1. Could you grab me the full set of residues in the range 111-126 that are under 16 Å from Glu75 (Cα atoms) and either open to solvent by 30 Å² or more (accessible area, probe 1.4 Å) or among the hydroxyl-bearing types (Ser, Thr, Tyr) (or both)?
2. Kindly evaluate Glu102 against the criterion of being acidic (Asp, Glu), out of contact with any helix residue (DSSP H, G or I) (no Cβ under 7 Å at 6 or more places or on another chain), open to solvent by 40 Å² or more (accessible area, probe 1.4 Å) and at pLDDT 90 or above.
3. Would you be able to tell me the number of residues in the range 127-146 that are more than 22 Å from Tyr83 (Cβ to Cβ), open to solvent by less than 40 Å² (accessible area, probe 1.4 Å) and either at pLDDT 90 or above or part of a strand (DSSP E or B) (or both)?
4. Looking for whichever is assigned to a loop (DSSP other than H, G, I, E, B) and at pLDDT 90 or above here; the options are Arg87, Arg107. Which one fits?
5. Looking at Trp79, Trp66, which is the one that is among the aromatic types (Phe, Trp, Tyr), at pLDDT 90 or above, open to solvent by 10 Å² or more (accessible area, probe 1.4 Å) and farther than 18 Å from Gly126 by Cβ?
6. Quick test of your reading of the structure: Ala32 fulfils all but one of (1) open to solvent by less than 60 Å² (accessible area, probe 1.4 Å); (2) modelled with pLDDT of 85 or more. Name the failing condition by number.
Amino acid sequence: GSRGAGAQSYMIMRLVLRVIRRCLQRWENSVATRWRRARLIWSCRLHCVELALGQNVHFHHPVGVWGVGGKLVIEDGVWFGFYGGNRHLGPIYLQLRAPGAELRIGRGAWLMPADQIVCFDRITIGEGAMFGFGCSLIDSDVHDFSPEGGERPGKSAPVKIGQVGPGVASCSGV
């Protein structure tokens, strides 16, 4: 008697959890993705960043854009995070810090939560490149730290990069 009822309750609970999981996955792939895409587009408009957004771009994690102009190119099939990824890590930040800056994210590249990319000149992330969690990429020294440098901006050098492991920081000229 009671043993059969317990097994039946367990089976019903597993079925309910499976249905809930599928509903959340559909929500993630539709509503949340559309919201994050719209937020990226409006963020670019707000910061005067020209956006070229490819097809089938997956927004499984929030993406923040900050800038003073420049151009952001996100090619087809780029992934921002992954389904079921850690929501406790920070958003992916893309910063274009100069009016002529160009940040290009290649076809099929993956950027993970808490990645930060700061572009003063030109950064190209290669096709199929994968960035681990919490990576930092910057193409400038930001400030001239020499004694006579004063308030002059630092030197920038274009960056072209492929695979990057978790927590890696990469600077100009790579």
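1. Of everything in the range 111-126, those that are under 16 Å from Glu75 (Cα atoms) and either open to solvent by 30 Å² or more (accessible area, probe 1.4 Å) or among the hydroxyl-bearing types (Ser, Thr, Tyr) (or both) turn out to be Arg122, Thr124.
2. In short, no.
3. Adding up the residues that qualify gives 3.
4. Arg107
5. Going through Trp79, Trp66 in turn, just one is among the aromatic types (Phe, Trp, Tyr), at pLDDT 90 or above, open to solvent by 10 Å² or more (accessible area, probe 1.4 Å) and farther than 18 Å from Gly126 by Cβ: Trp66.
6. Among (1) open to solvent by less than 60 Å² (accessible area, probe 1.4 Å); (2) modelled with pLDDT of 85 or more, the lone unmet condition for Ala32 is (2).
The values are calculated or read from the model by the stated rules, or taken from the named source; none is laboratory data. The model shown is predicted, which means the values in this text are computed figures rather than measured ones. In this analysis, Cβ positions are derived from the backbone assuming ideal geometry, glycine residues included, and neighbour counts consider all displayed protein chains. When the accessible area is computed, the model is the full protein with side chains, heavy atoms only, and any ligands, DNA or RNA have been set aside. Shrake-Rupley method; radii C 1.70, N 1.55, O 1.52, S 1.80 Å.
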